Amino acid sequence: FTEQANELGMAIKDTYAATTLYVQQGLDLDKSMKLATETLKMAAVAGMDAANATDAMTAALRGFNMELDETSAQRINDVYSELAAITASDTQEISTAMTKTASIAHSVNMEFETTAAFLAQGIETTREAAETIGTMLKTVIGRFSEVKSLYTKGQLTGQDEEGETIDVNKVQTALRAAGISMNEFLAGNEGLDQIFLRLSQRWNDLDILTQRYIATQAAGSRQQSRFIAIMQDYAKTTELVNAAYNSTGS
C-alpha cells in the first residue's frame, strides 16, 4: 500500500480504503489493488475522495456489466477524461450523472460511451447539476423501457416513474414524424442510443411544434426542455460520441 500510495501521490489510507472496498465486493487482493489504482487516478483527476471515486467506478462497471478489472476501469477513466477535456463538464460531474443512469441504460442496450457522451453534453448545455442531468436521462430511458415493456405485453398505456402517462402509439407516432422507426428497438435488435442519435441528426429539420411534441412524448413534460438540450446539436453529439469511442490512453 505504501508503494502504491507513493506511485500515485496519494495518502496510504486512501489506497487502503479504495482497495478494501473492492475486496468487500468479493475480488481478490491483486485485482482489487489494480482496480483501486485506476480508481485513485479518477479521484486525483476529479478531486474526489477515494470512497466517492470507488462508488462512481463501481456504478459504471456494474451498471454496464463490465468485467471488474483494470482494463475496464481504464476504459471508464479514458472516456471520462476525454469528455471532460472537450466539454464544460468534468470527470466528477459525468461520473456522478452516470451513477443515476448506468443500469437502466444498459438494460436498453445503450453503450457506455454513448451514454457518457449524452450526459456530458447535457451537463455542458444546461449547466445544471450532474444529478439533475443523470435523473433526466434515467427518466427518458425509463419511458422508452416502459414503451418496450407495454408493447411486449400487448398494452398501449402505462406510467413512468414520475407518474406521467405513457402512450405507446403516441410515442411511435411522434418518432415517425421525424422518420424514425422503433421496430428494431422494440424487437431488441437495436440500442436506444441509436434512436437518440438518429433523432438528433434530424432534429433541426423539424419545426418547433414537432420538436416539442416529440420531446414531451420521449421525456415527459417535466424533462422535455433538458431532452431538447441534448438533441439540438448533432454536430456536438457526434464529436462527443466519436471522442468517447477513441479515448484510449486519454
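What the table shows:
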quantity	calculated
Qualifying positions in the stretch 195-215 - crowded, with 17+ Cβ neighbours inside 10 Å and β-branched (Val, Ile, Thr)	ILE195, ILE214
Answer residue from the stretch 160-177, given it is in a helix (DSSP H, G or I) and polar (S, T, N, Q) and is surrounded by the most Cβ atoms within 10 Å (Cβ to Cβ) among those	GLN172
Residue under evaluation GLU190, criteria (1) open to solvent by 10 Å² or more (accessible area, probe 1.4 Å); (2) part of a helix (DSSP H, G or I), criterion not met	(2)
Selection count, the stretch 216-227, where residues are open to solvent by less than 70 Å² (accessible area, probe 1.4 Å), assigned to a loop (DSSP other than H, G, I, E, B) and not polar (S, T, N, Q)	1
Residues satisfying the stated conditions in the stretch 230-250, i.e. part of a helix (DSSP H, G or I) and either in contact with a strand residue (DSSP E or B) (Cβ under 7 Å, 6 or more places away or on another chain) or open to solvent by less than 10 Å² (accessible area, probe 1.4 Å) (or both)	ILE230, MET231, THR237, LEU240, ALA244
Members of the stretch 6-31 that are under 24 Å from SER250 (Cβ atoms), in a helix (DSSP H, G or I) and among the small types (Gly, Ala, Ser)	ALA18
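The values are calculated or read from the model by the stated rules, or taken from the named source; none is laboratory data. What you see is a predicted model, and the numbers here were worked out from it, not measured in a lab. Here Cβ is always computed from backbone atoms with ideal geometry, including for glycine, and neighbour counts include all displayed protein chains. Ligands, DNA and RNA are stripped out before the accessible areas are found, and what is left, the full protein with its side chains, is counted by its heavy atoms. Shrake-Rupley method; radii C 1.70, N 1.55, O 1.52, S 1.80 Å.
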